[in-house]
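Please treat every number below as a calculation from the coordinates, not as lab data. None of the values given here were measured: they were computed from a predicted structure. Cβ sites come from the backbone with ideal geometry, for glycine too, and all protein chains shown count toward neighbours.
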């Protein structure tokens, strides 16, 4: 039996809740502030449900975000005592961000695979691996009780080595991209959305989130 994705899980529950509420897709879409076609894509699991849409659905149907994400079976646990702007718990954000990052990374490798850019794909994987290593080690080292024996590199050397390697990897990626005869990132957004709908929406969401953060003073 195939595993149900997060998007499909949300879609199934959105469709169930709308049916139980006895409203049409058009009525529900209006209440959620999205087009009927967008809600249809949400319910079919074809598009990643945005944070505002997820919040609106929780309010409209009176359920928790964790229920919509399939993290709990109970629909509104502690919902009565919680303020309306606090329907998202830490675990909910983690699942949403995991889904976005995984799909965005998937888009990169899908494009590179389609362009048959093996060397570029390997270097991209190397850069992402170094990023994850650095992030994991930073979080791991935050707890002084965690044994450093997990790592071969010492605390005083790993950060500088990884930072330098990431800079070198980025330079290699830039050179390889400029020299590539077949540009793997040439398709426009419409073409990408048609070929990779979920992954493209995740990448666009990631872009907006990063740029909003970068614009902050």
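Details
- Among 113, 159, 103: highest mean-square fluctuation, GNM of the chain, C-alpha pairs under 10 Å: 159
- Multiplying the residue separation of residue 134 and residue 51 by 0.36 nm and subtracting their alpha-carbon distance yields 27.1 nm.
- Cα-projected label distance for residue 19 with residue 179, points at 7 Å along beta-carbon direction, nm: 5.7
- FRET efficiency for residue 212 and residue 159, using Cβ-Cβ distance with R0 set to 22 Å, rounded to 0.05: 0.20
- Per-residue Cβ neighbour counts within 10 Å put 110, 66 in the sequence 110, 66, beginning with the fewest.
- With a Förster radius of 45 Å applied to the beta-carbon distance between residue 75 and residue 168, the computed FRET efficiency rounds to 0.35.
- Computed over the chain: relative contact order in percent, which uses C-alpha pairs under 8 Å that are six or more apart: 20
- Efficiency of FRET from Cβ geometry, residue 12 and residue 194, R₀ 30 Å, rounded to 0.05: 0.80
- Neighbour-count ranking [beta-carbon atoms within 10 angstrom, fewest first] of 60, 140: 140, 60
- Helix-only CD estimate at 222 nm, as mean residue ellipticity for the chain, using -39500 (n - 2.57) per DSSP H run (n ≥ 4): -22500 deg cm²/dmol
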